[in-house]
Amino acid sequence: MQNLIDFSDKKVLIAGASSGIGKQIAISLSKLGAAVILIARRENKLQEVISQLEGKEHSYYVADLSQTGEIEGLVKKIVADNGKLDGMVYSAGIAATLPVNMLKPEKLLSLFQINYFGFVEMVRQVSKKGRYNDNMRIVGISSVASIRGDKSKTAYSSSKSAMDSAVRCMAKELAEKGICLNTVAPAMTATELYDHFLEKYGDDSESSTTLLKRQYLGIIQPEDVANAVAFLLSPAARFITGITLPVDGGLTTT
């Protein structure tokens, strides 16, 4: 049987690839044969990721995707340097915690700029004629926060909900070009965000106990999210588009 998750001779652009989930996606895809093209703000972190990738033909670009006016030029250069793309993963974003009394419009705009506007603009640019190969696949990294409310998460949750809603609409348009577009929605994952959670609450606190009761399969590993992304980028998912796939350890069922 043909190996459906094989990215040999495929080029995948990963935005937000310098740490956490984005970093693991880059590593996992390189192990599956992909030539990965990384984007993030911190060059030293990008160099660290590049050094951990398997295979060759990888590259990186330093850019701040909250500066949406610069994305068109960035994508043009990436395609000129590397050729047409087979996939794009958008893992760039910030997880701000802001109570309602601090939700000034400028703070909301700042968060949406990277979590939502940057995503839509990246999709717009990579899906232009001459920038993608047949059967292009796009995956955005959302969050279960898009469907579960919590204190001080209004800005973050709404930005991820906007991403998921946009995907459902853009998928219908991009289907005409043979492009599939989905999001993956992780729950608490073992990244720096979870480290901060443990620093604040501790392993045996009530907050940690409550989290593990709800997320009953345990804390997700970045590899688990990367595996879901790899599936959605692969031919095995060729009839899946416009969805949000939870990778949540059971959280959304409790």
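The values are calculated or read from the model by the stated rules, or taken from the named source; none is laboratory data. These numbers were taken from a predicted model, which means no experiment stands behind them. FYI the Cβ positions are ideal-geometry reconstructions off the backbone, even for glycines, and counts take in every protein chain you see. For accessibility, only protein heavy atoms count, side chains too; no ligands or nucleic acids. Shrake-Rupley method; radii C 1.70, N 1.55, O 1.52, S 1.80 Å.
Checking each residue in segment 65-75 for being in contact (Cβ under 8 Å) with a residue 24 or more places away in the chain and surrounded by fewer than 16 Cβ atoms within 10 Å (Cβ to Cβ) picks out only E72.
Listed by first and then second residue, the pairs with beta-carbon distance under 9 Å, at least 6 apart or on different chains, first residue in segment 86-107 and without any contact (Cβ under 8 Å) to a residue 24 or more places away in the chain, second acidic (D, E), form an empty list.
Within segment 63-88, the set of residues being touching a Leu at 6+ places or on another chain (Cβ under 7 Å) and assigned to a strand (DSSP E or B) comprises L85, G87, M88.
Residues that are touching a residue at least 12 places away in the same chain (Cβ under 8 Å) and of a type in the set (A, V, I, L, M, F, W, C) within segment 1-13 comprise L4, I5, F7, V12, L13, listed in sequence order.
Within segment 232-254, the set of residues being surrounded by fewer than 17 Cβ atoms within 10 Å (Cβ to Cβ), in a helix (DSSP H, G or I) and of a type outside the set (G, A, S) comprises P235, T252, T253.
Report yes if V89 is open to solvent by less than 50 Å² (accessible area, probe 1.4 Å) and either modelled with pLDDT of 95 or more or not charged (D, E, K, R) (or both), otherwise no.
Working: open to solvent by less than 50 Å² (accessible area, probe 1.4 Å): yes; either modelled with pLDDT of 95 or more or not charged (D, E, K, R) (or both): yes.
Criteria met by V89.
Of the residues I50, I37, I25, the single one that is within 15 Å of E223 (Cβ to Cβ) and open to solvent by less than 70 Å² (accessible area, probe 1.4 Å) is I25. Checked against the criterion of being over 20 Å from Q67 (Cα atoms) and surrounded by fewer than 22 Cβ atoms within 10 Å (Cβ to Cβ), the candidates S19, S30, S8 yield just one match: S8.
I'd like to know if segment 155-164 contains one or more residues that are in contact with an Asp or Glu (Cβ under 8 Å, 6 or more places away or on another chain), buried (at least 16 other Cβ atoms within 10 Å of the Cβ) and not in a strand (DSSP E or B). Steps first, answer last, please.
To start, the set of residues in segment 155-164 that are in contact with an Asp or Glu (Cβ under 8 Å, 6 or more places away or on another chain) comprises 157.
Keeping just the survivors that are buried (at least 16 other Cβ atoms within 10 Å of the Cβ) gives 157.
Still in the list and also not in a strand (DSSP E or B): 157.
Within segment 155-164, one or more residues are in contact with an Asp or Glu (Cβ under 8 Å, 6 or more places away or on another chain), buried (at least 16 other Cβ atoms within 10 Å of the Cβ) and not in a strand (DSSP E or B).
Scan segment 180-231 for residues that are part of a helix (DSSP H, G or I), of a type in the set (G, A, S) and at pLDDT 85 or above and the total you get is 3. Filtering segment 14-42 to residues that are touching a residue at least 60 places away in the same chain (Cβ under 8 Å), assigned to a loop (DSSP other than H, G, I, E, B) and touching a Ser or Thr at 6+ places or on another chain (Cβ under 6 Å) leaves only G16.
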